[in-house]
Structures are given as structure tokens and as C-alpha cells.
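Undergrad: Let me begin by handing over the structure; questions about it come next.
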Amino acid sequence: MTLAKDIARDLLDIKAVYLKPEDPFTWASGIKSPIYTDNRITLSYPETRTLIENGFVETIKEEFPEAEVIAGTATAGIPHGAIIADKMNLPFAYIRSKPKDHGAGNQIEGRVIKGQKMVIVEDLISTGGSVLDAVAAAKREGADVLGVVAIFTYELPKAAENFEKAAVKLVTLSNYSELIKVAKVQGYIDADGLQLLKKFKENQQTWQD
């Protein structure tokens, strides 16, 4: 199996991902969705965690060989980023969603040198808005952001549009397309559910119509 399939299988097995095409979840954004993902759960499963962190290391070496510092997004990207930085013997920092309202008012915690080549780690990509905010914050601090790596993406068209507009490279270890294929093979969904899930990827606003 490929890394994308292996991770998709593990996310389903440890119930980091739930699929309910006939009884959708409601995301914080208000979008009705047949999928809910909580990749924080991966930290509690050493085999899955190791698969993910080793996958991140190899991906960064291949896609961003010039990386000089790893930064995690608060909060979900912090543990993964710290493990990756340790494995790669690179400096680590993390990026808050907004500057602190006390002390030095830092938004980036850790030492980032101006011009330092950074890779930002996120756990999940939906529209990409929050991690692109982190990219902007890192650039304001003088970092040279090479790109973003994440465990999983819903492959929403809006995310592709946002990353293209921001001119930021995104690489993910697994994705929605792989996951729903694995889910069908392993019996998590039937053929009708698979079709509903495919429709959601194409158009989140009308997929239930």
C-alpha cells in the first residue's frame, strides 16, 4: 500500500475519522458534512503516530530539502511539528492563532531568524484559512516559508483556491479521495454512501440535493 492509503486505513481504524453520508455532521463553519476528522487522536496510537511522523520527515526531505526550521500551528500542529523537528535535528517553533495579549505579545514562540527557511505543519486542511493565517504571521516575522505539510486534506475546491491565491505550496500525507476508497474496500460505507461522499468533494453546498 502507499503511504496515503496506509494513513487513511489507520485514521479509519482508530476512529480519527467518522463517515456518516446519510446523517451528516455540522462543522463550525455551518457546512453540513458527511465526514468528521479529529487527527489529535493519532497521538494516542504509537504505530499510527510513527507512520505519520516518518511520513512527514520523508515528505519534507523530498519536497522541501532546504528546510531550516519546522513550525507547528497551535494547537494541533505543535506535537507533530516538535516530533518532526526532533527527528530531523532542526529548530522548532510554533505559531499562535493570534498574538498574545500580554508579555511581549508574541505570535510565534521560539527563535526564528530572519530569512530562515520554514516548513509549517498542520494536522488537517479544510479551507486552509487558519494555516494560511499562520503562514502570513511567519512571513511578517521574516521567515521564508517554503510551504505547508499536513496529515490530511478534505480536498475542498476552496482550499485549492486559497493556497493558489496565497502562492503557498501544500503537501499532504493522505487525502479525502484515498480515504473514501479505503472506506469502501474495508466496508465502512456501501456503494450509495461512496457516491454521496464523492458528491460532497465536488460541491459542498449542494451534495445533499
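The values are calculated or read from the model by the stated rules, or taken from the named source; none is laboratory data. The model shown is predicted, which means the values in this text are computed figures rather than measured ones. Glycine also receives a Cβ, built like all others from the backbone with ideal geometry; neighbour counts cover every protein chain displayed. When the accessible area is computed, the model is the full protein with side chains, heavy atoms only, and any ligands, DNA or RNA have been set aside. Shrake-Rupley method; radii C 1.70, N 1.55, O 1.52, S 1.80 Å.
Undergrad: Given the pairs 61/198; 87/181; 15/198; 169/201, which span a C-alpha to C-alpha distance of over 25 angstrom in this model?
TA: Checking Cα-Cα distances, 61/198; 87/181 exceed 25 Å.
Undergrad: Here's another thing I want to ask about it. Taking the solvent-accessible surface of protein heavy atoms with a 1.4 Å probe, what is the per residue accessible area of the chain in Å²?
TA: Spelled out: the 1.4 Å probe surface of the chain, per residue, equals 50 Å².
Undergrad: With r defined as the distance between the Cβ atoms of residue 140 and residue 199 and R0 fixed at 25 Å, what FRET efficiency is calculated, to the nearest 0.05?
TA: It comes out at approximately 0.05.
Undergrad: Tell me the carbon and sulfur percent of the accessible area for the stretch 113-171, rounded to whole percent, probe radius 1.4 Å.
TA: 50
Undergrad: Accessible surface of residue 201 in the full protein assembly, 1.4 angstrom probe, to the nearest 10 Å²?
TA: 70
Undergrad: Using the alpha carbon gyration tensor of the chain, what are the three equivalent-ellipsoid semi-axes (square root of 5 times each eigenvalue), largest first, in whole Å?
TA: Calculated on Cα positions only, the semi-axes equal 30, 19, 15 Å.
Undergrad: Based on the alpha-carbon gyration tensor of the stretch 142-182 and its eigenvalue square roots a ≥ b ≥ c, which shape applies: rounded if a/c is under 1.5, prolate if not and a/b is larger than b/c, or oblate?
TA: Oblate, because a/c is 1.5 or more while a/b does not exceed b/c.
Undergrad: Enter the accessible area of residue 36 (Å², nearest 10), with the probe set to 1.4 Å and all protein chains included.
TA: For residue 36, the solvent-accessible surface is approximately 100 Å².
Undergrad: So what's the gap between the Cα centers of the stretch 109-153 and the stretch 14-92, to the nearest angstrom?
TA: Centre-to-centre (Cα) distance: 14 Å.
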